[in-house]
Every structure is written in structure tokens, then in C-alpha cells.
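A short write-up of the structure that comes next.
The values are calculated or read from the model by the stated rules, or taken from the named source; none is laboratory data. Nothing here was measured: the structure is a model prediction, and the numbers come from that model. So basically every Cβ, Gly included, is an ideal-geometry build from the backbone, and we count neighbours across all protein chains shown.
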Amino acid sequence: VLGEDAVRSDPASLARYTDPYALPADAAARLPAAALLPADREQVQAVVRIAAGEGIALWPVSGGNNLAYGGGAARTPGDVMLDLRRMDRIVSVDPALACAVVEPGVRYVDLHAHLRDAGLSLWIDPPAFGEGSIVGNTLERGFGVTSYGEHADTHCGLEVVLPDGSVVRTGMAALGDVASAHARRDGYGPSFDGLFFQSNLGVVTQMGVWLMPAPEHVLFCHGSFRSEDDLGPLVEILRDLRLHDVLNGRAVVESPVRWMAAVSRRTAWQDGDGPLTPAALADMVRRAGIGWWNLRFGLYGPAGLTDARWRTARRALAAIPGARLSARAWRPGDPLAGAGDAGLAGVPSMAAMAMLRWPEGSGCTPGNGAHLDVGPICPATGADALRQYRLVRDQAAAHGFDYYGGFTAAPRFLHHIFAAIYDRTDGGQAARARELCRGLTVALGEAGYGMYRAHLDQMDLAAAQYAAHDHAALRLAERIKAALDPAGVLAPGKQGVWPGRPRARER
Ligand SMILES: Cc1cc2nc3c(=O)[nH]c(=O)nc-3n(C[C@H](O)[C@H](O)[C@H](O)COP(=O)(O)OP(=O)(O)OC[C@H]3O[C@@H](n4cnc5c(N)ncnc54)[C@H](O)[C@@H]3O)c2cc1C
């Protein structure tokens, strides 16, 4: 079906399909049985049909860079990877309707370069991992920070191979290749797109993605706030500004360690192991001239509008005593200082990988930094943000980790992302990071919060917390899984949905 060069089973090729942040021995113990690299949708259909007939589990990946959430690995060792990276066509770009259609192998860097080289005034919204695939990141409900930051909200029209090998298009794209195919997400009747997000019900072979018209004017805005408790009023103000559409990008609030991990290592601020002490943190904040909380957001649009938005936002933020606020205009071609600026400018970058160097020097050799993330959704209230922050900060410290965290603001909720940064060759540290993230998932769940995404090893735990009406949501997912994939061959266990085995609920 595929040709020999598209079938890999040698250990060197299969090493790609592991979690690069796992202990090397653990990663080696979880190798898949093989990897298949189809070149087009017809080959995907043929492979899926054979797998369904033979009962072979397939795990699709678009880029296989799901770092901090399991990398390129499947949940169960011995699955067959369905690696879609050879399907890397930018199928179309519609400059008038500002949308593109891409195959799974297209990365943010690729589409950005294509638009630039074609001289089109269209932006993408990249995650901080600029080499991520558009389809993989979007299906995982990933996010960036421009006006188009919530990626699940800017996809439009999927082409999906179902577990029986048949193919379906969603929304207006079900009309076929017509002008409105990627102009409106919903079509007529029930909408199916959500079924294929964070799911194991189909293999997405094409996706429509809305692009942001290049704004006439861009302002990069920064704020720093001097007290830990300022997070509460800051989140209240950001919610108000976002709900009233004063801020038309996503505002990012970063802890001092997250800010400084981009440009320094922890040994610059404290010798020895253990999280930075309050005194070392205070010293770092003072010497680096940063805030306890550090805010950045972009404002986009015609110059008069962005200036008015900034005046309104600055007035509101200045109500926090001691707030330091600034804004500067940015034009294409101007320098971009690190991952933060690049994201605001819609430019894919890999500068965020600098965070992995934070533990270097205190036993961690260069190249061995890794991180495990916990990503609870936080309602956009000051009380909730402070409650989540304190809970995560305290448990992180108890496990020997710094609070490397931040909040990215949508109008009604914030993505609260905490990363436990550790040395991936140190079994003790890796185990502590896992224990911490499991404990946080449980504690945050008990406090009424749910994860937006979870590492492969914590998917059952995260899924089981959406438990209303005796896990009705998970049971519905299992019923749909049984109907569409009776052989249970697509991505068993993804997001806690196991074919024929309600494992997540039992846990
Ligand atoms: C330093 C750093 C910063 C990061 N910053 C961000 C950030 O700002 N925002 C963010 O969202 N993430 C971020 N990440 C996490 C991650 O690296 C990105 O989300 C990345 O885009 C995911 O990898 P990928 O696109 O290769 O997805 P993949 O690994 O290809 O896909 C992820 C999963 O989605 C499913 N899947 C993929 N393709 C298909 C398909 N075609 N059909 C069906 N199912 C499929 C599979 O289960 C797969 O395992 C960051 C990671 C690091 C290390």
C-alpha cells in the first residue's frame, strides 16, 4: 500500500516516536511496533481499513512534537504510529476570505514562510513552539497570543478519515470544493468538528484555518506589578478589558521565574538545589528590574484605534499601585526580543526552548532540561487566579520545584500553565515532577478546576474529573467510540477513552 520506504520498524527510526522528556530507559521501554508514513489521504484510508480488519492499533501524529504532553509517543507501547508528516501540502490560500487549507505535515513555520514569500498580508497565530504542526496543535486545542490565539476557534472545515476508512468533511466543507467551504464553520444540521478534537474518532487529513489580516498598526504593551497579590486585581482588570474588547489580543501574565528562565539560569540567583527561596526571588526581581507579575499583550488595528485601546488599557491597569506600564510600536522587520515578542507579532520562533536551560549548572548538563506541564483552565476572576496560583506554587515548592508559571487571558477564562522543569536524566527529579503534576491534577480537580490538556500518562486522571452525572460525558464519548470504531484501533486511551474498557472512569 505504502511502499517500503514509508514503513519503519528499525529502532533508530522508532526512537522518534517516544517522549524526549522521559527518562531514556522509560522512553526506550515504550517504543511503538512500527511507523507508517502515508503520502496522501487515499493511503491513510487504505492503512486504516487494514488496521480495522486486523485489529492493529494506530496512533496518528502530524508533527509528533507534543512536548510536555508525551512528545511523539502513543499511550500504549507496541501501537503502530501513523505519521502524517509527508502530507505537507498547503492546499490553498484564499487572500480575500483570509483562510488556508493545510495537510497535517504543515508546520507554523511553513505556512508563515509561504505567506511571506507570496507577499500576502496575512498572519498566522503560532504557539511558542513554532515548529509545531498546525493540525496537531489545533486538534490539541493549543493556543498562541494574537487576536487568533484560541486555535480551536480559528479552524474551519475538516477532512477526516473515519475508523472504517471512509472519509467525511465537516461544516460548509461538506458542500465540496466550493467558495464557502472554509468561510463558516457550521454547515447545516448537527456539527461534527468537536468530535475530532482531542479525540480518537478519526484521522484529520486536511484542515481549513482562518488567517489574521496583517494589522496596519501593532503595539507591544508591557506591564510589571510589584506584589504577589497584584495577580487578583490584575486578572479582574484584564477580564473587563477583554470582555469590552479593549484588548484584542491575548494578555499573558508571567511569574518572575518564567520571565527570567528565558534569559538566565537558576544558578545565577541561588546556589544549590531546591526552589528559589522567597529572599532569592525578591533579590532576582529587584536586580533584574522586573515585576512579581509581568504582563505583555499586543494591540492590533488602525493606528488611531490601537492608541485609543492603549490609553484605555493603561488607565485601567494604572489603578494597581506601583504598576509600571509601557507600549511601543512594532513594524514588520523590527527586531523581536525572544519568544514573547515573536508570538505577539505572529512570527513562529523556537526561542521558548531557552526555558529548558533554567536548571543547567546545578547538576543538569546542557541538553538534558525537560518539562512536564499542568494546564488547568482558570475562570477569569482574581479570586480563582490567586487560589490556583497559591495551590500550585506551594505544591511545587514542596516537591522542590520553582513556580514557573503564567496565565494567558481569554475574555472569560485563563489558560494557567505551570511547568515543572527538571533534568531528564535524573530519575529522582523526573519522578518528583510526575508526582507533582499528578498531585496538582487531583488537587485542582478537587478544587473544581479542569485541565485543558494533559500528558499521555495523566489523560485518564484528567478525563475522570469531568465527572458530572456519573461521568456522563466520558460515557457518551465511549458510546460514540464503540459505534464509530468497534475494533478500537484508533489511538486507544487518548484523552481517557479506551475502546471497550472504561478505564478512566474506573480510576
Ligand atoms: C518550549 C515549548 C513551548 C510550547 N508552547 C506552546 C504554546 O505556546 N501553545 C501550545 O499550544 N503548545 C505549546 N507547546 C506544546 C507543543 O509543543 C505544541 O502544542 C506542538 O504544536 C504540538 O506538537 P505537534 O504540533 O507536532 O502535534 P502532534 O504531536 O502531531 O499532535 C499531538 C496529538 O494530537 C493528535 N493528532 C495529531 N495529528 C492528528 C491527526 N491528523 N488526526 C488525529 N489526531 C491527531 C495525536 O493524538 C497526537 O499525539 C510548547 C512546547 C514547548 C516545548
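The strands (runs of 3 or more DSSP E) located wholly in the range 370-486 that include 2 or more residues which are in contact with a strand residue (DSSP E or B) (Cβ under 6 Å, 6 or more places away or on another chain) and among the small types (Gly, Ala, Ser) occupy 404-409, 413-423.
Of the candidates Val145, Val178, the single residue that is within 14 Å of the ligand (Cβ to nearest atom), in a loop (DSSP other than H, G, I, E, B) and of a type in the set (Val, Ile, Thr) is Val145.
Here's the yes/no breakdown for (1) over 14 Å from His222 (Cα atoms); (2) modelled with pLDDT of 95 or more:
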site	(1), (2)
Met284	yes, yes
Gly298	no, yes
Pro321	yes, yes
Ala329	no, yes
Pro335	yes, no
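For the range 154-164, indicate whether the set of residues that are touching a Lys or Arg at 6+ places or on another chain (Cβ under 9 Å), away from the ligand (no atom under 13 Å from the Cβ), not hydroxyl-bearing (Ser, Thr, Tyr) and not in a strand (DSSP E or B) is non-empty. Yes, some residue in the range 154-164 is touching a Lys or Arg at 6+ places or on another chain (Cβ under 9 Å), away from the ligand (no atom under 13 Å from the Cβ), not hydroxyl-bearing (Ser, Thr, Tyr) and not in a strand (DSSP E or B).
Each row is one residue, and each column tells you yes or no for (1) surrounded by fewer than 24 Cβ atoms within 10 Å (Cβ to Cβ); (2) modelled with pLDDT under 95; (3) at negative phi.
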{"residue": "Val235", "(1), (2), (3)": "no, no, yes"}
{"residue": "Leu243", "(1), (2), (3)": "yes, no, yes"}
{"residue": "Val246", "(1), (2), (3)": "yes, no, yes"}
{"residue": "Val253", "(1), (2), (3)": "no, no, yes"}
{"residue": "Pro256", "(1), (2), (3)": "no, no, yes"}
{"residue": "Gln270", "(1), (2), (3)": "yes, yes, yes"}
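Number of residues in the range 162-191 that are buried (at least 18 other Cβ atoms within 10 Å of the Cβ) and aromatic (Phe, Trp, Tyr): the value is 0. For first residues located in the range 284-300 and in contact (Cβ under 8 Å) with a residue 40 or more places away in the chain, partners that are in a helix (DSSP H, G or I) and among the acidic types (Asp, Glu) and lie 6+ apart or on another chain with Cβ distances below 7 Å form the pairs Trp292/Glu228; Trp292/Asp230; Trp293/Asp230.
Consider the range 107-142 and keep the residues that are of a type in the set (Lys, Arg) and within 11 Å of the ligand (Cβ to nearest atom). The one that is surrounded by the fewest Cβ atoms within 10 Å (Cβ to Cβ) is Arg141. Looking at the range 470-493, is at least one residue of a type in the set (Lys, Arg), in contact with a Gly (Cβ under 8 Å, 6 or more places away or on another chain), surrounded by 15 or more Cβ atoms within 10 Å (Cβ to Cβ) and at pLDDT 95 or above? So far as the range 470-493 goes, yes, one or more of its residues are of a type in the set (Lys, Arg), in contact with a Gly (Cβ under 8 Å, 6 or more places away or on another chain), surrounded by 15 or more Cβ atoms within 10 Å (Cβ to Cβ) and at pLDDT 95 or above. Determine, yes or no, whether Met172 is assigned to a helix (DSSP H, G or I) and either touching a residue at least 12 places away in the same chain (Cβ under 8 Å) or in contact with a helix residue (DSSP H, G or I) (Cβ under 9 Å, 6 or more places away or on another chain) (or both). Yes. Which one of these is charged (D, E, K, R), farther than 15 Å from Leu31 by Cα, within 15 Å of the ligand (Cβ to nearest atom) and surrounded by fewer than 22 Cβ atoms within 10 Å (Cβ to Cβ): Arg85, Arg49, Arg75? Exactly one residue qualifies, and that residue is Arg85.
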